[in-house]
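Computed from the coordinates by the stated procedures, all read-outs in this text should not be read as laboratory data. Predicted, not measured: the structure shown is a model, and the values here were computed from it. When we count neighbours, we look across all protein chains shown, and the Cβ atoms used for this are built from the backbone with ideal geometry, even at glycine.
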Amino acid sequence: MQKQLLPWLYGLLSILSIVSCNTEDPQPSPSAAKGNLTISVSLDSTMTQASSNARIAATLSQLQVKVYQVNGVLAAAFTDASTLPESVELEAAQYYIVVESNTKEPYGFGNPYYYGKIEGIEVQAEKTKATTITAAVQSVKVTLEYDAFVENYYKEYYTKIGTLQGVLTFEQGEEREGFFNIVEGEDITIETHLFDLSGKETIARSVIKGAKQGTYYPIGIAVETGGTATTLIIDETVNEKTALINVYQGHYETRPDYIQSSGFFVKNGRLYDMNGHDFVMRGINNPHYWFDSYGRYEAYKALPHIAAKGTNTVRLVWEAEWDDNQWEANIAQGDTEANMLRKIIQETINRGMIPMVELHDATGETSKESLVSMAAYWAREDISQVLKEYEGLLLVNIANEWSGFDQTYKSAYLEAIAMMRNAGLNHTIVIDGSSWGQDLNLILEYGQTFLDSDPQHNLLFSVHMYESWKSPDKVSSMLRQAVDAQLPLIVGEFGFQHGDPPAAVAWETILEVCEELQLGYLAWSWKGNGDPVSYLDLAVDWEGSQLTEWGKMIFESEKGISNTAKPASVFTVL
């Protein structure tokens with residue numbers, strides 16, 4: 001323990017000069033025998049901390065010194081301990097000395113309270129008594145630090161820390177030290193307010209029981225997956241801080257070592273979000289490339305209305321063949337190709353939904369080159385940069401309904417997966433079935449081969465269910481085969497009818513079995529379908545002021561989105 005000491009100061013000080021420094025009026029007695037007292041004051045700024053000692057900044061000029069007779073009568077007082085006289089002339093008697101801060105605020109930023117007392121001081125006639133007194137910090141000190149997860153994935157946050165004396169609010173970015181002049185054994189309350197990207201507020205609370213005076217409590221706010229309640233847990237081992245927020249409920253999986261992504265990953269046939277929580281998609285497709293161009297932004301403006309229906313995932317339709325003429329009005333507003341893609345992804349996240357980007361150019365194509373060209377687009381430097389910015393929340397669907405068969409399907413996807421990984425894309429990669437997305441057999445045949453070939457084993461498979469899926473028994477049996485094979489699967493597109501002439505699709509079974517097996521589904525599509533499939537519009541207008549019959553089936557039925565969707569844990573912070 002280090003102390004800052006003043007040299008002893010010697011000499012006589014007249015009673016008049018002593019009185020002039022008093023904050024209270026001492027009671028002189030001229031006829032009594034006198035002696036001298038020298039006072040040396042030191043500061044002890046060391047505070048107790050569970051993991052290490054910590055210091056705070058203070059100076060002697062902030063302290064006052066008072067000398068009392070043993071009966072409590074004030075004999076001398078000085079308001080600045082750094083300018084004490086060489087000695088103080090006092091009556092021969094018994095004394096005690098108190099040194100403390102000049103101000104004693106009950107709580108505040110940057111204003112600790114110091115106190116020290118020494119008793120049994122005997123001043124003898126015509127003698128000099130030397131004394132040393134130490135003023136130690138009595139306040140509780142608190143500091144606050146948020147981990148990188150909180151800083152990166154919460155739009156706003158602040159923490160209130162309080163005692164019986166009052167409450168200090170540590171706003172976002174607050175770096176000052178807070179002090180409370182507590183009663184020994186008093187509790188310290190911690191209340192953190194978190195606002196996720198959708199604006200939803202979560203409040204987490206905890207208490208530090210029996211706080212001790214002169215103790216430093218560094219509080220760290222960190223996100224930990226797992227647990228069963230929204231609480232603050234006092235844990236002195238976490239990042240050398242004293243508090244940890246546990247914000248998520250339910251079961252969670254540990255991220256495998258081979259997964260390099262900071263976001264989604266698959267394990268044992270299931271898809272997990274960045275926090276290791278099982279994520280079940282309940283969402284739709286939205287045709288951005290076709291209806292945001294020409295400066296319309298119709299699909300983009302629909303995102304808040306889609307979110308309002310409870311949607312947790314949106315598959316974002318995009319194309320690799322960017323046409324400057326088609327996007328001229330957007331470019332004039334600064335929305336170049338990469339910026340426009342970034343803007344759509346960000347708005348999806350802002351609305352509390354998971355974005356899945358897909359390329360529609362190779363729809364129905366069968367050549368290996370057409371698929372590999374889609375992977376090359378995602379690997380392109382400016383586009384891959386956008387994808388990497390959102391690695392924690394983004395899924396990447398290589399190509400919509402590319403329809404290569406047999407060995408072509410196998411070899412093309414093996415090459416595409418390798419190309420994207422070599423470009424540093426660590427996301428969960430989504431692979432559609434062949435035959436316009438409707439063939440699940442090739443996924444069952446080659447799915448494990450694809451997973452084994454991927455060094456991160458981080459692939460999600462998608463089957464599209466249209467007129468080939470009329471039979472409820474087929475829907476049920478084929479989805480169960482994928483689950484039994486531990487192949488992570490979603491129904492990436494489906495309608496209630498399709499084909500020429502339109503054939504009924506077992507859409508109710510799709511919803512029921514997906515809910516039973518906890519598989520994701522994404523209905524086609526919000527709006528913009530032309531004849532002869534305009535019946536697949538979910539909304540009458542882009543604002544969703546009225547749903548079509550198909551929309552009511554998807555959103556309002558018992559197993560529909562509004563009744564079964566749960567947001568990804570990063571958006572909920574339960």
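Close amide H contacts of residue 219 (hydrogens built in the peptide plane, cut-off under 5 Å, sequence separation of 5 or more or a different chain): 143, 144, 145, 242. Inter-label distance, residue 105 to residue 86: 3.9 nm, where each label sits 7 Å from its Cα along the C-beta direction. Relative to the longest principal axis of the Cα atoms of the chain, the long axis of helix 337-350 makes an angle of roughly 70 degrees. Specify the angular offset, from 0 to 90 degrees and rounded to the nearest 10, of the alpha carbon long axis of helix 472-484 from the longest principal axis of the alpha carbons in the chain. Helix 472-484 sits roughly 50 degrees off the main axis of the chain. In the list [x] 35.3, 122; [y] 25.1, 85; [z] 23.0, 71, the label attached to Rg and Dmax of the Cα atoms in Å as derived from the coordinates here is [x].
When 358, 347, 119 are sorted by how many other C-beta atoms sit within 10 angstrom of their C-beta, beginning with the fewest, the order is 119, 347, 358. Evaluating 6.51 cos²θ - 1.76 cosθ + 1.60 at θ = phi - 60° for every residue in the stretch 83-88, the Karplus couplings come out as 10, 5, x, 4, 7, 10 Hz, glycine and proline recorded as x. Using a Förster distance of 51 Å, how high is the FRET efficiency between residue 175 and residue 328, based on the Cβ-Cβ distance and rounded to 0.05? That gives a FRET efficiency of 0.60. Extension gain, residue 209 to residue 367: 0.36 nm times the residue separation minus the Cα-Cα distance gives 50.1 nm. A straight line joining the Cα centroids of the stretch 63-108 and the stretch 323-381 runs 75 Å.
With a simple spin-label model that places each label point 7 Å from the Cα along the Cα-to-Cβ direction, the separation between residue 546 and residue 130 comes to 9.7 nm.
Applying 1/(1 + (r/R0)^6) with R0 = 56 Å to the Cβ-Cβ distance of residue 155 and residue 33 gives a FRET efficiency near 0.15. Stretching the chain fully between residue 480 and residue 531 yields a gain of 14.9 nm (0.36 nm per residue, less the alpha carbon separation).
Ordered by the count of other Cβ atoms within 10 Å of each Cβ, fewest first, 83, 336 give 83, 336. Residues of the stretch 493-523 with backbone nitrogen within less than 11 Å of a virtual label 7 Å along the Cα-to-Cβ line of residue 278, please, listed as ranges. Inside the label zone: 516-519. Once the Cα atoms are used to define both axes, helix 441-453 deviates from the longest principal axis of the chain by about 40 degrees.
Taking the number of other C-beta atoms within 10 Å as the exposure measure, put 483, 207 in order starting with the fewest.
Fewest to most other Cβ atoms nearby, the residues stand as 207, 483.
Taking each residue as 0.36 nm, the span from residue 418 to residue 122 lengthens on full extension beyond its C-alpha to C-alpha distance by 97.9 nm. Couplings 3J(HN,Hα) of the stretch 360-376, computed from phi: 9, 4, 8, 4, x, 5, 10, 7, 4, 4, 5, 6, 4, 5, 5, 4, 5 Hz, in residue order, whole Hz [Karplus 6.51 cos²θ - 1.76 cosθ + 1.60, θ = phi - 60°; x for Gly and Pro]. Applying the Karplus relation 6.51 cos²θ - 1.76 cosθ + 1.60 with θ = phi - 60° to the stretch 306-313 yields 3J(HN,Hα) values of 5, 4, 5, 7, x, 4, 10, 8 Hz, where x marks Gly and Pro. Just add up the charged neighbours of residue 160: K/R +1, D/E -1, any other residue whose Cβ is under 15 Å from the Cβ of residue 160. Counting the neighbours of residue 160, the net charge comes to -4.
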